[in-house]
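> Could you have a look at this structure, given as structure tokens, before my questions?
The values are calculated or read from the model by the stated rules, or taken from the named source; none is laboratory data. Predicted, not measured: the structure shown is a model, and the values here were computed from it. Heads up, the Cβs are rebuilt from the backbone with ideal geometry, glycines too, and the neighbour counts pull from every protein chain shown. SASA here: full protein model, heavy atoms, side chains in, ligands and nucleic acids out. Shrake-Rupley method; radii C 1.70, N 1.55, O 1.52, S 1.80 Å.
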Amino acid sequence: MSAHLHLVRLTGAASLQDGGRRGFLRFGLSASGPMDPLAFAAANRLVGNPADTAALELGLAAASLRVEGRAVRLALAGAPSGLRLDGEPLAAHRSFVLREGSALTIERPREGVFAYLAAAGGFPVRSVMGSRALHQRAALGGLDGRACREGDRLPLAAPASHEADHSLDPVPLEREAPVRVVLGPQDDLFSQAGLATFLAETFTVSNRADRMGYQLDGPEIAHGAGGFNIVSDATVAGSVQVPGSGRPIVLLADRQTTGGYPKIATVISADLRRIAQRRPGEPVRFAAVDLTAATRLAREAAARIAALDTRLRPIEGEAERLMAANLAGAAVDALRAED
């Protein structure tokens, strides 16, 4: 019998993402994949999946879900969101079993943007060009080439095992930290005043922000005498384009693969999640590092994901849940009431 996760109610953005669709930049197709790779990997490892297994990415979203066909082990990680199982509070960053007939509610995150719901075995939707990740503008991957919407039923792969559930420390969002960049490749097309503005001033995420890129509001960044048009060349995740408006645009997971605006800098791969988890109106400051530091930080970020398994803690049956409910405290209060 087939099993599904039913999205009974959904508000906000939601899509299926895996590790990304690699090797197609020369054909004009960016990789997609998670906006916060660390939180995405944490959710997967909590349910025993490889770190790049397809999971549900929720962007400023709230949802109510039920499982159909059989039980499934789930975990939510990333932007802190209220989580309730049959109306009872449940901690995020832990795995748990959703049984048929039970209801799971995920509230809109209190801070940050992206949270990830992983299911044991993943979501076995059709793979397109080697990936299940949705690239919405290309209508590839995801659920029949589109984002998820209310009423969808996501196929489930594996039944819930009898293994213990696990927990992890919450993944920090690092929303106050500066976003580190390597200057270039066209930083020479900006005036010294423009470079100083980029590195010294504070910008804010505008309402024009999605998985393709975040446009920032703030002081104008001055171009040099050569202006702001260049022959289109390649972009990468993290490219910071500055069009004629002087307002920077940070390109992200679903970006275009080439562009004709000069790129003042590139956000290092380790910090892409830092900017992705900032909401419209929240501040962004940039700090320059050299290529050696960027490489070291990229390796540290990869090692952090690889080490998630060593940080998993088994949850012993119902003991932790009962302790969290503070039943002893309630009993003491009852005794006092009798006195």
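> Check whether at least one residue in segment 23-30 is open to solvent by less than 40 Å² (accessible area, probe 1.4 Å), touching a Leu at 6+ places or on another chain (Cβ under 8 Å) and not charged (D, E, K, R), and report yes or no.
Among the residues of segment 23-30, at least one is open to solvent by less than 40 Å² (accessible area, probe 1.4 Å), touching a Leu at 6+ places or on another chain (Cβ under 8 Å) and not charged (D, E, K, R), which makes the answer yes.
> With the condition being open to solvent by less than 30 Å² (accessible area, probe 1.4 Å) and of a type in the set (D, E, K, R), I'd like the strands (runs of 3 or more DSSP E) fully within segment 209-280 carrying at least 1 qualifying residues. So that I can check it myself, show each step before the final result.
Values: elements: 213-217, 239-241, 249-251, 263-267.
Ranges flagged: 263-267.
> Name the pairs: first residue in segment 63-89 and within 21 Å of Pro314 (Cβ to Cβ) and open to solvent by less than 50 Å² (accessible area, probe 1.4 Å), second residue charged (D, E, K, R) and outside any loop (DSSP other than H, G, I, E, B), Cβ to Cβ under 7 Å, at least 6 apart or on different chains?
From residues that are within 21 Å of Pro314 (Cβ to Cβ) and open to solvent by less than 50 Å² (accessible area, probe 1.4 Å), the pairs are Ala75/Arg94.
> Then there's this: If we scan segment 36-47, do we find a residue that is part of a strand (DSSP E or B) and open to solvent by 10 Å² or more (accessible area, probe 1.4 Å)? Please lay out each step first, then the result.
Taking segment 36-47 first, the residues part of a strand (DSSP E or B) are none.
So far as segment 36-47 goes, no, none of its residues is part of a strand (DSSP E or B) and open to solvent by 10 Å² or more (accessible area, probe 1.4 Å).
> Can you tell me which residues in segment 170-198 are at pLDDT 95 or above, open to solvent by 40 Å² or more (accessible area, probe 1.4 Å) and touching a strand residue (DSSP E or B) at 6+ places or on another chain (Cβ under 9 Å)?
If the condition is that a residue be at pLDDT 95 or above, open to solvent by 40 Å² or more (accessible area, probe 1.4 Å) and touching a strand residue (DSSP E or B) at 6+ places or on another chain (Cβ under 9 Å), then Pro178, Arg180, Leu183, Pro185, Asp187, Leu189 are the ones that fit.
> Criterion first (without any contact (Cβ under 8 Å) to a residue 12 or more places away in the chain, surrounded by fewer than 16 Cβ atoms within 10 Å (Cβ to Cβ) and in contact with a strand residue (DSSP E or B) (Cβ under 8 Å, 6 or more places away or on another chain)) does Ala164 satisfy it?
For Ala164, the condition - without any contact (Cβ under 8 Å) to a residue 12 or more places away in the chain, surrounded by fewer than 16 Cβ atoms within 10 Å (Cβ to Cβ) and in contact with a strand residue (DSSP E or B) (Cβ under 8 Å, 6 or more places away or on another chain) - is not met.
> Do you know which residues across segment 90-109 are under 18 Å from the mean Cα position of the chain (by Cα) and assigned to a loop (DSSP other than H, G, I, E, B)?
Ala92, His93, Glu107, Arg108, Pro109
> Still on this structure: Give segment 48-57 a look and list any residue that's assigned to a loop (DSSP other than H, G, I, E, B) and among the acidic types (Asp, Glu), or say none.
Once the filter is applied, which keeps residues that are assigned to a loop (DSSP other than H, G, I, E, B) and among the acidic types (Asp, Glu), segment 48-57 yields only Asp52.
> Let me ask you something else. Of the residues Gly112, Gly121, only one is open to solvent by 10 Å² or more (accessible area, probe 1.4 Å), part of a loop (DSSP other than H, G, I, E, B) and on the phi > 0 side of the Ramachandran plot; which?
It is Gly121.
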